[in-house]
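Below is one structure, written out as structure tokens; the observations come after it.
The values are calculated or read from the model by the stated rules, or taken from the named source; none is laboratory data. Here the structure is a predicted model, which is why all the values come from computation and not from measurement. Virtual Cβ from ideal backbone geometry, glycine too; neighbours counted across all protein chains shown. Side chains are part of the model used for accessible areas, which takes the heavy atoms of the whole protein and leaves out ligands, DNA and RNA. Shrake-Rupley method; radii C 1.70, N 1.55, O 1.52, S 1.80 Å.
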Amino acid sequence: MDEALPRSLAELRREIDLLMEYGAPAEERTELTKVVDRYAADIIALNILHSFYSFLPEAQDDGIVELRRIANHRGVFLLVAKSLLNDYLYLADREKAEFLGPLREGIWDQEVLEFFGWRDREDFFKQAGDPEGLMIHLPVNEAPDLCPVCGTADGELHTPGCPVEICPWCGGQLTSCSCRFTETGREAFTREAHLDEFLELLAKKGRIPFNAAEQRPTLKPE
Ligand SMILES: [Zn+2]
Ligand SMILES: [Zn+2]
């Protein structure tokens, strides 16, 4: 069930620092670095920062001063990156970030709109047209409504392989309990098909969604 992460947090961070040496205006570097520091443990935000500094939407020196969250669903986040020059939309998950364009253009992709529950582009603007009305994106590990590891929302299913997911058979940690063997009757998983077979049984049994109230007890409200 283990999934290899595409890049480690530290690795991403190093690359962002390097990219910023070329792309971020020198006189703003200290402030812009604080933004990156704030999200040092949030792979979603780091993927956006990495994409931004690799690509620089206006093709000139720029930097992200703030991230705001518009929506999240099944571990996929739609954020506004407020830069020194403009506001941009990014779609991101734990693996990558995708640049969608300036916020004022809205979203044209119907599939993306429907994924987050908007009828159309107008509907999107009603909720997200004014970035000042959106909440600041808390790092995934600090947001009380999100799984601290995969970033899924309260009541939604974890990203496959998330270590926070609870096993519906034994109540233990699904990534490490032995139910995959007892339920399939196999001693080892040597083929992709063996895992698929288990995932099918798991779906039939019913996966346990993330429960913020029970699974984030260490988080103290401020
Ligand atoms: Zn999770
Ligand atoms: Zn189990």
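Of all helices (runs of 4 or more DSSP H) completely enclosed by region 1-114, which ones contain at least 1 residues that are among the hydrophobic types (A, V, I, L, M, F, W, C) and more than 22 Å from residue 142 (Cβ to Cβ)?
Working: elements: 9-23, 29-38, 43-55.
Qualifying helices (runs of 4 or more DSSP H): 9-23, 43-55.
Checking residue 214 against (1) open to solvent by 70 Å² or more (accessible area, probe 1.4 Å); (2) in contact with a Pro (Cβ under 8 Å, 6 or more places away or on another chain); (3) within 27 Å of residue 92 (Cα to Cα): exactly one of these is not met. Which one?
(2)
Residues to consider are 183, 187; find the one that is open to solvent by 60 Å² or more (accessible area, probe 1.4 Å), acidic (Asp, Glu) and in contact with a Leu (Cβ under 8 Å, 6 or more places away or on another chain). Spell out how you get there, then give the answer.
Values: 187 fails: in contact with a Leu (Cβ under 8 Å, 6 or more places away or on another chain).
Step by step, each of 183, 187 is checked, and only 183 is open to solvent by 60 Å² or more (accessible area, probe 1.4 Å), acidic (Asp, Glu) and in contact with a Leu (Cβ under 8 Å, 6 or more places away or on another chain).
I'm trying to understand the selection: among the residues of region 128-186, which are among the polar types (S, T, N, Q), more than 15 Å from ligand 1 (Cβ to nearest atom) and part of a loop (DSSP other than H, G, I, E, B)? Steps first, answer last, please.
Filtering region 128-186 down to residues among the polar types (S, T, N, Q) leaves 141, 152, 159, 173, 175-176, 178, 182, 184.
Checking which are more than 15 Å from ligand 1 (Cβ to nearest atom) leaves us with 178, 182, 184.
The answer is 178, and nothing else.
Please verify whether residue 95 is open to solvent by 30 Å² or more (accessible area, probe 1.4 Å), within 30 Å of residue 210 (Cβ to Cβ) and at pLDDT 95 or above, treating the condition exactly as stated. Break it down stepwise before answering.
On the way: open to solvent by 30 Å² or more (accessible area, probe 1.4 Å): yes; within 30 Å of residue 210 (Cβ to Cβ): yes; at pLDDT 95 or above: no.
No.
Do you know which of the residues in region 132-189 that are small (Gly, Ala, Ser) and under 21 Å from residue 116 (Cα atoms) is farthest from the chain's Cα centre (by Cα)? It would help to see each step written out before you state the result.
Step one: filter region 132-189 for residues small (Gly, Ala, Ser), giving 133, 143, 151, 153, 155, 161, 171-172, 176, 178, 185, 188.
Checking the rest, the ones that are also under 21 Å from residue 116 (Cα atoms) come to 133, 143, 151, 153, 155.
Numbers: 133: 21, 143: 12, 151: 5, 153: 10, 155: 16 Å.
Filtering region 132-189 for residues that are small (Gly, Ala, Ser) and under 21 Å from residue 116 (Cα atoms), the one farthest from the chain's Cα centre (by Cα) comes out as 133.
State whether one or more residues within region 103-110 are away from ligand 2 (no atom under 16 Å from the Cβ), surrounded by fewer than 20 Cβ atoms within 10 Å (Cβ to Cβ), under 20 Å from residue 24 (Cβ atoms) and not charged (D, E, K, R).
No: region 103-110 contains no residue that is away from ligand 2 (no atom under 16 Å from the Cβ), surrounded by fewer than 20 Cβ atoms within 10 Å (Cβ to Cβ), under 20 Å from residue 24 (Cβ atoms) and not charged (D, E, K, R).
Quick test for you: out of 63, 75, pick the one residue that is over 22 Å from residue 149 (Cα atoms) and either open to solvent by less than 10 Å² (accessible area, probe 1.4 Å) or at pLDDT 95 or above (or both).
On the way: 75 fails: over 22 Å from residue 149 (Cα atoms).
63 is the lone residue from the list that is over 22 Å from residue 149 (Cα atoms) and either open to solvent by less than 10 Å² (accessible area, probe 1.4 Å) or at pLDDT 95 or above (or both).
Answer with yes or no whether residue 31 is within 21 Å of residue 78 (Cα to Cα), surrounded by fewer than 16 Cβ atoms within 10 Å (Cβ to Cβ) and of a type in the set (D, E, K, R). Don't jump to the end; show me each part of the working.
Details: within 21 Å of residue 78 (Cα to Cα): no; surrounded by fewer than 16 Cβ atoms within 10 Å (Cβ to Cβ): yes; of a type in the set (D, E, K, R): yes.
Answer is no for this residue.
Would you point out the residue of region 149-194, among those that are among the β-branched types (Val, Ile, Thr) and away from ligand 2 (no atom under 15 Å from the Cβ), that is farthest from residue 92 (Cα to Cα)? Don't jump to the end; show me each part of the working.
Residues of region 149-194 that are among the β-branched types (Val, Ile, Thr), as a first pass: 149, 152, 159, 164, 166, 175, 182, 184, 190.
Filter once more, keeping what is away from ligand 2 (no atom under 15 Å from the Cβ): 149, 152, 159, 190.
Values: 149: 15, 152: 12, 159: 13, 190: 32 Å.
Selected residue: 190.
Scan region 155-171 and give yes if some residue there is at pLDDT below 95, open to solvent by less than 80 Å² (accessible area, probe 1.4 Å), aliphatic (A, V, I, L, M) and under 28 Å from residue 9 (Cβ atoms), otherwise no.
yes
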